[in-house]
1. Would you check which residues across segment 80-117 are without any contact (Cβ under 8 Å) to a residue 40 or more places away in the chain and more than 15 Å from the chain's Cα centre (by Cα) and list them?
2. Since Lys53 meets every condition but one in (1) exposed (fewer than 14 other Cβ atoms within 10 Å of the Cβ); (2) part of a loop (DSSP other than H, G, I, E, B); (3) at pLDDT 95 or above, which condition does it not meet?
3. Out of (1) of a type outside the set (Phe, Trp, Tyr); (2) touching a helix residue (DSSP H, G or I) at 6+ places or on another chain (Cβ under 8 Å); (3) open to solvent by 20 Å² or more (accessible area, probe 1.4 Å); (4) at pLDDT 95 or above, the odd one out for Pro132 is which?
4. Anything in segment 154-175 that is open to solvent by 50 Å² or more (accessible area, probe 1.4 Å) and touching a Lys or Arg at 6+ places or on another chain (Cβ under 9 Å)? List them, or say none.
5. So, in segment 111-129, exactly how many residues are within 17 Å of Val151 (Cβ to Cβ), open to solvent by 50 Å² or more (accessible area, probe 1.4 Å) and of a type outside the set (S, T, N, Q)?
6. Hey, does segment 153-160 have a residue that's aliphatic (A, V, I, L, M) and either assigned to a strand (DSSP E or B) or modelled with pLDDT of 95 or more (or both)?
7. Considering only residues that are part of a strand (DSSP E or B) and at pLDDT below 95, look in segment 102-126 and name the one that is nearest to Ser167 (Cα to Cα).
8. Of the residues Ser167, Ser74, only one is at pLDDT below 90 and touching a helix residue (DSSP H, G or I) at 6+ places or on another chain (Cβ under 8 Å); which?
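The values are calculated or read from the model by the stated rules, or taken from the named source; none is laboratory data. Just so it is clear, the model here is predicted, and its values are computed rather than measured. Cβ placement follows ideal geometry from the backbone for every residue including glycine, while neighbour counts extend to all protein chains displayed. Ligands, DNA and RNA are excluded from the accessible area calculation, which covers all protein heavy atoms including side chains. Shrake-Rupley method; radii C 1.70, N 1.55, O 1.52, S 1.80 Å.
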Amino acid sequence: MSTAMRASVTLSLARRSAVAAALAITTLPLNACGASTLQERSKPTITLAQAKKQIDNYLADILAKLPVKPTASSGNFRDMECDANDIGPHGRTQTSRGYDFGDVPSATRAAAVDAFRTLMTERGFQPEADPPNFHHDWIKLKSPTDNFLAVLDGVSDASRNVSLNVSSPCVWPNGTPPA
C-alpha cells in the first residue's frame, strides 16, 4: 500500500472514530437515566426512598463479597436533579452512595475486581460502555432491569485507591410525576 493510500485510510479511520465519539457523547444525555424518550421519562418510577434502599441492598451484597473493607463508613446519599444530566422533565432525582477503600495492594485489588464482576454479572448487570478513547480505570456495570449503575473505580495497575459507588436511575421523589 502506498504512503498516500495509508494516509487516506488512517484519515478515514480517524474521521470515523471522531464521528463515533461525537455520536456516543450526543446519545449519553438521552440515555443517562435509562429512558430514551421524554414520554418514558414522564412515567411513574420507584420513590427516592426505594431507590436509596435498593442502593443500600446492592452495596451490602457487594461489600460482603469483596476481599477488602472500606476505610470508613459510608457517607450520606448524594442526590442530584436529573435535568443536569439529561433532557427530561424537571423534578426527577438521581441518588448515589459509595465507599472508599484507600490504598489497596495489587493482588487484593485484582481479587476485588473479580469478586465485583462475578457478583454483579450473576445478578444480571452488564458492562456500561464509555465513549471511545475514554480512560478505563473503572468497571461500570448496569442492571438492564432497574437501571442501577455499580462502579468499581481504581482498578488499573497504575491505581492504588479503590472506591465503589452505586447510583440509581432518575426517579420521581414520590414515585409519580407532578400533575
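1. Let us first name the residues in segment 80-117 that are without any contact (Cβ under 8 Å) to a residue 40 or more places away in the chain, namely 80-81, 83-84, 90, 105, 107, 110, 114, 117.
Answer for segment 80-117, where residues must be without any contact (Cβ under 8 Å) to a residue 40 or more places away in the chain and more than 15 Å from the chain's Cα centre (by Cα): Glu81, Asp83, Ala84, His90, Pro105, Ala107, Ala110, Asp114.
2. In the conditions (1) exposed (fewer than 14 other Cβ atoms within 10 Å of the Cβ); (2) part of a loop (DSSP other than H, G, I, E, B); (3) at pLDDT 95 or above, Lys53 misses (2) alone.
3. Single failed check for Pro132: (4).
4. Hits for segment 154-175 are Asp157, Arg160, Pro173.
5. Total meeting the criteria: 6.
6. Looking for residues that are aliphatic (A, V, I, L, M) and either assigned to a strand (DSSP E or B) or modelled with pLDDT of 95 or more (or both), one finds none in segment 153-160, hence no.
7. In the first step, residues of segment 102-126 are kept if they are part of a strand (DSSP E or B); the result is 102-103, 126.
Going one step further and asking which of them are at pLDDT below 95, we end up with 102-103.
Working: Gly102: 20, Asp103: 23 Å.
Looking at residues that are part of a strand (DSSP E or B) and at pLDDT below 95, I get Gly102.
8. Residue meeting the stated conditions: Ser74.
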